[in-house]
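Heads up: the structure comes next, in structure tokens.
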Amino acid sequence: AGDTFNPLDGITASDLEDGDLTASIKIVSTTVNMKSEGLYAVVYSVTDSDGNTTTVTRHVYVRTNDKPEIHVSDQTFKAGYAFDPMTIVSASDLEDGDVTKAVKITSNNVNPDVAGTYAITYSVTDSDNNTTTKTITVTVLTNEKPVITAADRTVKAHLAFDPMTGVSASDLEDGDISDNIKIIANDVNIDVPGAYHITYSILDSDGNTTEKTITITVLSNDKPVITGQDSSFKAGRAFDPMAGITASDTEDGDITSNIEIISNDVNADVAGVYHITYSITDSDGNTTEQTYTVTVLTNEKPVIHASDLALAFGQAFDPMAGVSAEDLEDGDITSQIQVISNDVNPNVAGIYHVTYSVTDSDGNETQFTITVIVGAQPIVPVDPITPVSPAKPATPVQPVAHVVAPTKEIQPTSVTPTTALPKTGDDSKTSTLLFGGLLAALGALFLRRKK
């Protein structure tokens, strides 16, 4: 791409009678675009003196002018290793093909006898004068020991156990030497749960030895466990049967995602007692089933606990004393009680009322009214008056005879009787008792009507 292209270069024509007809060649059509990579066509035509015409199509491939590529990777080897930097490199070009012979080393500080990190830079130029360079890192190592790859294992009792499963060994010079691994200690008892150990050993061609010990844990073949609990909720609420349900297994760990619900008769919209049965199977085929009870509750109103009261005259009165409230869902909601009416006057005898109100978290309100009776004020009794002793009568005098002159007869007159005075020492206790009895009778009558 980008080169100059003459479609007549290299094109000739000849005729048996006319000889060389190259000058008579015509270009019938051409699709060549030298600015874009692709396969194009040029159609040529030539006619001889007898009117015979020949047409030929020529294909032209326009390629990109890509740079050559150097193929080489970072190198690691042990100190003392014979290292030739040209044996690890190759180069290719889209137009020129294999240009490995054109590769040159422009810099190289590698010392193969001394451990360290070095660099080599390669360069190659194609026929279009496109140049590519590439630098690699060369790591020279000391005489490293071989490496054993093995991890701690957990197995189940009574199952087949191969101590070499997952164990390998490699060496920087020797490569994979897993076949040379030896087991020098092994106390595993696959039939008894417990922790055991296996020790492996490997020797490389340089005489370097490596040992590695791993732990083998033998587990019992326990069934999985489903964890959950009975639950309750209010009718009409969303219900997820998997909420709070988990499953675990000694070997498999958390297997909650494998739980299956094998029966479920819960109707979240109808109050009642239902059951859900869950099932879980571990990787060893052990299955556990567990059933929990689900109680769907009605939307009950809260309950206020309070009783009617009788107070002595002047007794202090706290309307919240002894009053509590509870709700099926919210529990104790005494702190939310409100007194919405209270006409009690403990200094005036009479019958009063206190009305309480409480609302639960669902907006259900309950009101409750109690009766409070305040007794009459007590009367202080008055001490009786001490009676006066009558005076002693005087000694009678002998009558003297008199002559009495006759007088007119006196007519009797009517006298209006007066109300008898109370005896000395009487008080008003009788009236007080009558008034108190009246209040008690009224309270009893009110309570009977309330019930």
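Derivation of every value follows stated rules applied to the coordinates shown; laboratory data play no part. The structure presented is a predicted model; accordingly, all values stated were derived computationally and were not measured. Positions of Cβ are backbone-derived with ideal geometry, glycine not excepted, and every protein chain shown enters the neighbour counts.
Take the Cα pairs of segment 216-369, get the Kirkwood Rh, then feed it into Stokes-Einstein at 4 °C and 1.567 mPa s and tell me D in µm²/s. The calculation lands on 65 µm²/s.
Length available on full extension from Thr53 to Asp15: 0.36 nm per residue minus the Cα-Cα distance, which gives 12.6 nm.
Among Glu144, Glu365, the order by Cβ neighbours within 10 angstrom, fewest to most, reads Glu365, Glu144. The convex hull built on the alpha-carbon positions of segment 303-374 has an orientation-averaged projected area of 4.4 nm². For segment 225-297, a crude dipole built from +1 on the beta carbon of Lys and Arg and -1 on the beta carbon of Asp and Glu, taken about the Cα centre, is about 560 debye to the nearest 20.
List, in the order given, every pair from Lys104/Lys134; Lys78/Lys212; Lys78/Lys101; Lys145/Lys182 whose Cα-Cα distance in the structure shown is over 18 Å. Long pairs (Cα-Cα over 18 Å): Lys78/Lys212; Lys78/Lys101.
Equivalent-ellipsoid semi-axes for segment 225-297 (Cα gyration tensor, √(5λ), whole Å, largest first): 26, 10, 9. With the simple model of a label 7 Å out from the Cα in the direction of the Cβ, Gln336 to Val43 spans 9.3 nm.
Taken as Cα centroids, segment 314-341 and segment 163-199 sit 75 Å apart, rounded to the nearest whole angstrom. Residues whose amide H falls under 5 Å from that of Tyr274, counting only those 5 or more places apart or on a different chain, are Val294, Thr295, Val296, with hydrogens built in the peptide plane.
Say R0 is 60 Å: what FRET efficiency, to the nearest 0.05, do Ser232 and Lys78 get from their beta-carbon distance?
0.25
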